[in-house]
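J.: Following this message is one structure expressed as structure tokens.
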Amino acid sequence: MSDFTVELKIAEKGEVKTVRDEAVRYLGYKKVTPDENILNLIGECETELLNAVQARVCYARTDIKFLGENVVDIGFGEVHSKNLYKHLQGCHGVILFAATIGIGVDRLIAKYNRIKPVKGVILDALGSSAIEYWCDVAELKITADEEKHCSRFSAGYGDFSLEHQRDFVRCLDVMRKLGITLSDSLLMTPTKSVTAVIGLGGNARTCGNKCMSCNNRNCIYRE
Amino acid sequence: MNILEKIKNSITYFDGGMGTMLQERGLAPGELPELWNISHRDVIIDIHRQYYASGCNILKANTFGANRLKFPNLEEIITAAIDNAKEARSEFDGDRYIAYDIGSLGKMLKPLGDLDFEDAVSLFADGIKIAVKCGVDLILIETMNDSYETKAAVLAAKENSDLPIFVTCVYDENAKLMTGADPAAMVAMLEGLGVDAVGMNCSLGPEQMVKIVPKIVSEASIPVIVNPNAGLPKSVNGKTVYDVDAEMFSNIMVDIVNEGAAIIGGCCGTTPEFIRKTVEKTKDLPFKLPEKKNHTVVSSYTHAVKIGHVPILIGERINPTGKSKFKEALRENNLDYILNEGITQQDAGADILDVNVGLPEIDEVQMMINVVTELQAVSDLPLQLDTVDPVAMEKSMRIYNGKPLVNSVNGKPESMNAIFPLVKKYGGVVIALTIGKKGIPETAEGRYEIAKNIIEEAERYGIDRCQIVVDPLAMTISSDTTSANVTLDSIKIIEERLGVHTSLGISNISFGLPNRDFVTSTFFAIAMQNGLDCAIMNPFSFEMMKIYHCYKALKNMDENCVEYINYASDITAQSVTTNTAKTSDNSTDTADPLKHAIIKGLKEKAGAIAAQLVKEVDPLVVVNEQIIPALDTVGKGFEEKTVFLPQLLMSADAAKAAFESVKAALSNTDQPSKGTIILATVKGDIHDIGKNIVKVLLSNYGFDVIDLGKDVPPEAVRDCAVENNIKLVGLSALMTTTVPSMEETIKLLREAGLDTKVVVGGAVLTQEYADMIGADYYAKDAMETVRYAEEIFG
């Protein structure tokens, strides 16, 4: 197998932003603009959140082996997943990817959750938008030299079992590099963290609309 | 020479990286290096040998990731690792030591994660007991990025061995741990716990670390350890390359020694070559240990607070004495109220929060644990643990994430016998009250004598006098007008003759007088002038904060008067805002101003209008004709998707403020509750935002909510339901992985034979899931839960 190097990058100033439209959508607004009171509150939360952010990403390139129908090895050993298998068709390698915006955001959310729930809810939504933004920025940087690559595919998508969170955590040494830990029920802390696999080359499957390509048709956030 | 003598006499060398060397020998990504202790014994012994040959003194046994979570055969793994190290050592003479190496468990502790503090202690203890049996020279706790987990590991080491304890943490380029602590906070906590050497490793290369060394050396009184990486790893042509080579590394290690590091070595990416060059270049450098600092310092999980420079404000409001609302909150287990007192004091300028939750009718030990745990989730201020119950004191010192201020010890032998062993074990600065066997002496000399005795007794326990802050007791001048003078004289002579710092529970001075703040704040000013270092005080008192800011500005403790200007400008701004608010109040006058304020989510306004209304109208009429209809309007809007979640919560907040005004007027004719509901986020799930929203709304609609919190075991829900004869339980789960605990909880409730209804909700829940696990109702949002509750209790 090829050498396996886990590289680490720390976000530079301006690389992490909140995305207000996304956050507003997470808050349940569908094509409605919140009133001024709420917008002011969102503005307040944005400032507090960005002050609490400590964003990092780590990643490693590795080989891919198609071991049989719907069975693929991306450095974890056998992964049985029709969806992942399909997503990575034709790829010559993958990037294993993990990113976080840090535990400070969790503390901030926990604090307001107890004393001012409306800010807790808004910060939670803004935090989700910020980790997505940071993942996009980091992915772009990491794949800058790649000709073609697929969009991020995470454990828990389709039939790619959430159990594989343990593999990401182990292989990328994310505890040491990013401070990400896994609970018994496979939840990551810091909450605003993402692990994913990015296929290199191949069909360069990038979903035009991440939301609509998801199998969960009952999701309340579906656009 | 034993290791403790060695580190005090010359530079001591750790070995370098293990994982990276194993990868070169074929360790696969994600493969556990500790397995190689058994499967590739020769490789491990060879690497150890190379390190000893390069001149290192301390080998890290290959046990970094060895814990019961990863290895069911823990004893076999650790024994093999230590045997391998011993085998390598057998060929070398001189000062060669073996460290039992402890890394993070890879789990976040509660409340942010799901690992209980005591479970963490016991996981660490398992490995330590085995290592002690095998025979090692020291315990190294390394690569820690959380102060709380570090404390758990140190306690496990102290409780299961007499071995020296070394601790190194991972700092980022801003000199912070990933969970927020700075070097001053870590040094305070770890020296308090009595570790033998402290420092940093991993994460950064030597050139970044050299800048952080002075930050540790300037705080520490014990030897400082620095074990950097070989810079950052990069993949070049498919090979892992670190960006600092042995030559560069060893050059910078010279600077690191010159900055005051006494124990050095390497971490990821370093090899025997790095250590050999480092030993060569540094072995003849002048050896220096950090000076003894005599700092009086407490810490939280982010920062340290030093006593003895500028006056320190200790917020006194988390205390039921004389506060009926606070007592009620304690009796009702209303932690939100208590937490709010903490956060608002922090916002008002407190440096430390006093925590006193003693009330005869409650379980103080459990309450102390709960409040300290929860406070640390919402505030990063150091805490002053204030209890007369030694069990509550021990439990709270143990679970405190940092080095606490301990309130208090006094000159009676039984008090010192109870408190000093705790301070010795857990670390802490202790407030010493000048109360002796015969009570409080009437003279300053008498109080000085008691302080002196306390300090001498502390020193017999091995507690340095800089860990004692003397409180010579302020007593009201309304019963004895000489009492202020005695206290002020005591401060002076105690500081001069004993060289310790002082604190006062300052508000006592004015007890029984009108406009107490006038007297208290004036006394505060004189006391500070006499040398007072800390005041336990009310940070909401305008007079006190005014005196505090003025004093600092006048005494050259506020550079360019920046703090004073900010403070004083704010005061003007506040009065201006009040005026504007009043005008806008009038401009938005409507037929139903309270209803309007609630719908708009204007909290202060809703509270104020309700307070005014209940003076003229029957409080129940205000509830039924204003508050409830307003809530209904918002609730309906939410259901019809014209009002959204943030607005719903803001209105809930405003309604709550209005209810509180009404409640104050109702005091005697208690409003009947509509019913009591249990809410819990199920076992395994640590995300409770959704559950909290439901709680806010249910309370708004007049239901009593027993909030069991998050990660709640099924048995706890059942027991609570049985005990309180509960008709409705609400359960929340975020992930598919925690739905089984939801199912288990429902099963237990059914088995208990209760006719309890169960409503479930949460991100992954659907009607199908709800049916499958036997829930009575699936609520897709908070309003649906309210509607269902109304149906059940209707």
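J.: How many angstrom lie between the Cα centre of region B:1-48 and the Cα centre of region B:265-305?
T.: Distance between centres, Cα-based: 19 Å.
J.: Along the charge dipole of the protein assembly as shown, Cβ charges K/R +1 and D/E -1, which of B:702, A:23, B:37 sits furthest on the positive end?
T.: Positive-end residue among those listed: A:23.
J.: Quickly rank B:284-294, B:678-688, A:152-162 as a protection proxy: mean count of other C-beta atoms within 10 Å, highest first. Working shown, then result.
T.: Details: B:284-294: 12.8, B:678-688: 25.4, A:152-162: 18.7.
Output ranking for B:284-294, B:678-688, A:152-162: B:678-688, A:152-162, B:284-294.
J.: On to the next question. Can you list the HN-Hα couplings for region B:52-58, worked out from phi with the Karplus curve (6.51, -1.76, 1.60; θ = phi - 60°), rounded to whole Hz and with x for Gly and Pro?
T.: 4, 5, 7, x, 6, 9, 10
J.: Right, another one. On average over all directions, what projected area in square nanometres does the protein assembly as shown have, based on the convex hull of its Cα atoms?
T.: 42.7 nm²
J.: Another question, if that's okay. Taking each residue in B:634-647, count the Cβ atoms of any other chain within 10 Å of its Cβ, then average. What number comes out?
T.: Mean shielding count: 4.
J.: Provide, in order from the shortest bin, the percent of all Cα-Cα pairs of region B:676-793 in each 5 Å bin, continuing until the bin that contains the maximum pair distance.
T.: Binned Cα distances yield the sequence 2, 13, 27, 28, 22, 8, 0.
J.: Report, largest value first, the span of the C-alpha coordinates of chain B along each principal axis, in whole Å.
T.: Extents along the principal axes: 91, 76, 48 Å.
J.: Continuing with the same structure: Any idea what the dipole of region B:1-59 comes to, in debye rounded to 20, about its Cα centre with Lys/Arg Cβ at +1 and Asp/Glu Cβ at -1?
T.: Dipole about the Cα centre, nearest 20: 220 debye.
J.: Could you give the dipole magnitude of region B:296-555 about its Cα centre, charging the beta-carbon of Lys and Arg +1 and that of Asp and Glu -1, in debye to the nearest 20?
T.: Around 400 debye, computed over region B:296-555.
J.: To test your reading of the geometry: what angle, between 0 and 90 degrees and rounded to tens, separates the Cα axis of helix B:444-460 from the longest principal axis of chain B?
T.: 50 degrees
J.: Count charges around residue B:509 for me, please; just the other residues with Cβ under 12 Å from its Cβ, Lys/Arg as +1, Asp/Glu as -1.
T.: On the way: positive: B:516; negative: B:480, B:517.
Within the 12 Å Cβ shell, the charges total -1.
J.: If I histogram all Cα-Cα distances within region B:588-666 using bins 5 Å wide from 0, what percent of pairs lands in each bin?
T.: The calculated distribution, bin by bin, is 3, 19, 30, 25, 14, 6, 2, 0.
J.: Moving on to the next point. Of all DSSP beta bridges in region B:296-555, what percent run antiparallel (nearest 5)?
T.: About 15 percent, rounded to the nearest 5.
J.: Alpha carbon centre of region A:4-30 versus region B:407-443: separation in Å?
T.: Value for the Cα centre distance between the two parts: 51 Å.
J.: OK, next. At q = 0.10, 0.14 Å⁻¹, what base-10 log of I(q)/I(0) does the Debye formula yield for region B:3-282 when every alpha carbon is treated as an equal point scatterer in vacuo?
T.: -0.46, -0.96
J.: Just to confirm my numbers, what's the Cα centroid distance between region B:338-406 and region B:599-658 in Å?
T.: 33 Å
J.: Could you tell me the extents of region B:296-555's C-alpha atoms along the three principal axes, largest first, rounded to whole Å?
T.: The Cα atoms of region B:296-555 stretch 44, 43, 34 Å along the principal axes, largest first.
J.: Counting only other chains, what is the mean number of Cβ atoms within 10 angstrom of the Cβ of each residue in peptide A:184-195?
T.: For peptide A:184-195, the averaged partner shielding equals 5.
J.: Right, here's the next one. Assigning unit charges at the beta carbon (Lys, Arg +1; Asp, Glu -1) and nothing else, what dipole magnitude in debye, to the nearest 20, does the protein assembly as shown show about its Cα centre? Before the final figure, lay out the partial values.
T.: Values: 104 positive and 139 negative charges, 124 e Å.
Dipole size: approximately 600 debye.
J.: Here is a follow-up. In Å, what Rg and Dmax follow from the Cα atoms of region B:196-328?
T.: Final numbers for Rg and Dmax: 21.3, 72 Å.
J.: Hey, another quick one. Among the DSSP beta bridges whose two residues both lie in chain B, what percent are antiparallel, rounded to the nearest 5? Before the final figure, lay out each step's value.
T.: On the way: 9 of 77 bridges.
Among the beta bridges of chain B, antiparallel pairing accounts for roughly 10 percent.
J.: What's the angle, to the nearest 10 degrees (0 to 90), between helix B:364-378's Cα axis and the longest principal axis of chain B?
T.: 80 degrees
J.: Largest first, please: the extent of the C-alpha atoms of region A:1-148 along each principal axis, to the nearest Å.
T.: 55, 31, 30
J.: Please report the net charge: other residues with Cβ closer than 13 Å to the Cβ of residue A:77, K and R +1, D and E -1.
T.: Net local charge, residue A:77 excluded: -3.
J.: Mind ranking B:469-478, B:413-422 by how tightly packed they are, going by the mean number of other C-beta atoms within 10 angstrom, highest first?
T.: Working: B:469-478: 22.6, B:413-422: 17.1.
Put in order of decreasing packing, that is B:469-478, B:413-422.
J.: Here's something else I'd like to know. Considering only DSSP beta bridges where both residues belong to the protein assembly as shown, give the percentage that are antiparallel (nearest 5).
T.: DSSP beta bridges in the protein assembly as shown are roughly 35 percent antiparallel.
J.: List every residue whose amide H lies under 5 Å from the amide H of residue B:685, counting only residues 5 or more places away in sequence or on a different chain, with H placed 1.01 Å from N in the peptide plane.
T.: The answer is B:711, B:712.
J.: How do B:720, B:202 rank when sorted from fewest to most other Cβ atoms within 10 Å of their own Cβ?
T.: Least crowded to most crowded, the residues run B:720, B:202.
J.: Excluding residue B:384 itself, calculate the net charge of residues whose Cβ lies under 11 Å from the Cβ of residue B:384, where each Lys or Arg counts +1 and each Asp or Glu counts -1.
T.: -4
J.: For B:609-617, what's the mean count of beta carbons from other chains sitting within 10 Å of each residue's beta carbon?
T.: For this peptide, the per-residue mean of nearby foreign Cβ atoms is 0.
J.: Same structure again: Give me Rg/Rg_expected for region B:626-699, where Rg uses Cα atoms only and Rg_expected = 2.2 N^0.38 Å with N residues.
T.: Region B:626-699 yields a ratio of 1.28.
J.: Once you sort the root eigenvalues of the Cα gyration tensor of region B:298-360 as a ≥ b ≥ c, which label holds: rounded (a/c under 1.5), prolate (a/b larger than b/c) or oblate (the other case)?
T.: Prolate, because a/c is 1.5 or more and a/b exceeds b/c.
Coordinate-derived values only; no laboratory data. Nothing here was measured: the structure is a model prediction, and the numbers come from that model. Heads up, the Cβs are rebuilt from the backbone with ideal geometry, glycines too, and the neighbour counts pull from every protein chain shown.
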